[in-house]
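For reference, the structure discussed in these notes is given below.
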Amino acid sequence: MLAQGGGHVIHMASQLGIVASRYGAVYNLTKAGLIQLTRSMALELSAKNIHVNAVCPGPISTEGFLAGRNPGELEQRARDVPIGRFGTVEEVAGVVAFLVSKDAAYVAGHALVVDGGYVVH
């Protein structure tokens, strides 16, 4: 990236790096650490035109997220999201596309939460 004059680093963190969850201490810790790594790297690399940010998805409708959960549990979890549904992979991809676009040229060291408002409820 230095040789080409800059670029973008996007870390895939999680909303669980910001809010705690039961029985997920190790996962939560690693995602919180990744958010701090994002901030530290942004401090070190922004002056070299390398933009470092993180995306923190919440409940996203993926095969892995849905696996092993019964319909009742999924309905309750969706009700816990202020928007009232799970996000999509395409919505997360759209956020990544924004972060690597010229429209985000002044965004650095940010952990952008994509969770339908879950962390603020």
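Would you please name the residue that is nearest to the chain's Cα centre (by Cα), looking only at residues in segment 19-59 that are under 24 Å from Gly87 (Cα atoms) and charged (D, E, K, R)? Can you show your working first?
Narrowing segment 19-59 to residues under 24 Å from Gly87 (Cα atoms): 19-35, 38, 52-59.
Narrowing further to those that are charged (D, E, K, R): 22, 31.
Details: Arg22: 19, Lys31: 9 Å.
Checked segment 19-59; the qualifying residue nearest to the chain's Cα centre (by Cα) is Lys31.
Does segment 71-80 contain at least one residue that is in a loop (DSSP other than H, G, I, E, B) and either more than 18 Å from the chain's Cα centre (by Cα) or farther than 30 Å from Lys48 by Cβ (or both)? Reasoning before the result, please.
From segment 71-80, those in a loop (DSSP other than H, G, I, E, B) are 80; that's our starting set.
Pick out the ones that are also either more than 18 Å from the chain's Cα centre (by Cα) or farther than 30 Å from Lys48 by Cβ (or both) and you get 80.
Within segment 71-80, one or more residues are in a loop (DSSP other than H, G, I, E, B) and either more than 18 Å from the chain's Cα centre (by Cα) or farther than 30 Å from Lys48 by Cβ (or both).
Screening Ala104, Ala97 for residues that are among the hydrophobic types (A, V, I, L, M, F, W, C), surrounded by fewer than 16 Cβ atoms within 10 Å (Cβ to Cβ) and either more than 17 Å from Ser14 (Cβ to Cβ) or touching a helix residue (DSSP H, G or I) at 6+ places or on another chain (Cβ under 8 Å) (or both) leaves exactly one candidate, Ala97. Filtered by the rule that a residue be over 17 Å from Leu99 (Cα atoms), over 11 Å from the mean Cα position of the chain (by Cα), of a type in the set (A, V, I, L, M, F, W, C) and at pLDDT 95 or above, segment 1-18 gives a lone residue, Ala3. The set of residues from segment 75-94 being exposed (fewer than 14 other Cβ atoms within 10 Å of the Cβ), under 15 Å from Ile10 (Cβ atoms) and in contact (Cβ under 8 Å) with a residue 12 or more places away in the chain comprises just one member, Val89. In the condition set (1) part of a loop (DSSP other than H, G, I, E, B); (2) crowded, with 17+ Cβ neighbours inside 10 Å, Met41 is compliant with all but (1).
The values are calculated or read from the model by the stated rules, or taken from the named source; none is laboratory data. Treat the numbers as computed from the prediction; the structure is a model and nothing was measured. A quick note on method: Cβ atoms are made from the backbone with ideal geometry, for glycine too, and the neighbour counts reach across all protein chains shown.
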